[in-house]
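Working notes, beginning with the structure itself.
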Amino acid sequence: GAGVSQSPSNKVTEKGKDVELRCDPISGHTALYWYRQSLGQGLEFLIYFQGNSAPDKSGLPSDRFSAERTGGSVSTLTIQRTQQEDSAVYLCASSLEGGANSYNEQFFGPGTRLTVL
Amino acid sequence: AQSVTQLGSHVSVSEGALVLLRCNYSSSVPPYLFWYVQYPNQGLQLLLKYTTGATLVKGINGFEAEFKKSETSFHLTKPSAHMSDAAEYFCAVSDRTGGSYIPTFGRGTSLIVHP
């Protein structure tokens, strides 16, 4: 079956521009996560959506970052007024259920490589 | 709060040699434990996980890991390395008490396999 997809795969933008990154999770997965992966830094949690509950935004690094999930499916991560330090690979993951069922594995997309010039 | 430590950002082995990637966690209650692998320009994929029951867990591609509560460890091993095992490996933990629903990842270990 189809896995998690992300678009675009690569994005090059100029400092100060806004960017939108898209994630299509696996159908039926209620939990969706965004992570940022910088070279040698591992995965940095950004935001978590679970069903219709309010998202956990505790990992967003600044108010320039926001995300939404429409209809419990597709999610968009928006970065406003991009800075060079935003350059990284942004990974999206989904799982069957999150919350108390945190033993469920996460399925990751291939990521979007963002480069801010 | 839970945390996970992967000892060694890079591990280098010869083809056919034993692979040992270390992972230690820190939490008051043993968490759910995962190992993921990331090949170049790809997302992460699950190798294996421990939730309950048998402490020796077998995963894909010949990898296995053993949960040792007394050592708060979940080290990943493979008896004989193959060139195709070269990748980034991440250990992750997830709180089983419901205190946090966000898995925590280690910084990753890059496995280098020499011919």
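Here, each number is a calculation from the coordinates, and none is a lab measurement. In this text the structure is predicted, and so the values were computed from the model without any measurement. Here Cβ is always computed from backbone atoms with ideal geometry, including for glycine, and neighbour counts include all displayed protein chains.
Any residue at all in region A:92-110 that is within 25 Å of B:Leu46 (Cα to Cα), away from chain B (no Cβ under 13 Å) and either exposed (fewer than 14 other Cβ atoms within 10 Å of the Cβ) or within 14 Å of the chain's Cα centre (by Cα) (or both)? Break it down stepwise before answering.
Applying the first criterion (within 25 Å of B:Leu46 (Cα to Cα)) to region A:92-110 yields A:92-110.
Right, trim to away from chain B (no Cβ under 13 Å) and you get none.
No, the conditions are met nowhere in region A:92-110.
Quickly run through region A:18-42 and pick out the residues that are more than 11 Å from the chain's Cα centre (by Cα) and surrounded by 14 or more Cβ atoms within 10 Å (Cβ to Cβ).
A:Val19, A:Ile26, A:His29, A:Thr30, A:Ala31, A:Gly42
Please verify whether region A:17-30 includes one or more residues that are touching a Pro at 6+ places or on another chain (Cβ under 9 Å), within 25 Å of B:Tyr39 (Cα to Cα) and of a type outside the set (S, T, N, Q).
Yes, there is a match, as at least one residue in region A:17-30 is touching a Pro at 6+ places or on another chain (Cβ under 9 Å), within 25 Å of B:Tyr39 (Cα to Cα) and of a type outside the set (S, T, N, Q).
Would you tally the residues in region B:68-95 being buried (at least 18 other Cβ atoms within 10 Å of the Cβ) and either within 13 Å of chain A (Cβ to nearest Cβ) or among the charged types (D, E, K, R) (or both)?
Residues meeting the conditions: 10.
Is it true that A:Glu14 is more than 11 Å from every other protein chain (Cβ to nearest Cβ), farther than 30 Å from B:Thr97 by Cβ and among the acidic types (Asp, Glu)? If you could, list the steps in order and put the result at the bottom.
On the way: more than 11 Å from every other protein chain (Cβ to nearest Cβ): yes; farther than 30 Å from B:Thr97 by Cβ: yes; among the acidic types (Asp, Glu): yes.
Judged against the criteria, A:Glu14 is a match.
So A:Pro25 ticks every box in (1) in contact with a Leu (Cβ under 6 Å, 6 or more places away or on another chain); (2) of a type outside the set (A, V, I, L, M, F, W, C); (3) at the interface with another protein chain (Cβ under 9 Å from one of its Cβ atoms) but one. Which box is left unticked?
That leaves (3) as the condition not met.
Just checking, how many residues over region B:1-41 are out of contact with any Lys or Arg (no Cβ under 8 Å at 6 or more places or on another chain), outside any loop (DSSP other than H, G, I, E, B) and more than 13 Å from chain A (Cβ to nearest Cβ)?
Matching residues across region B:1-41 total 10.
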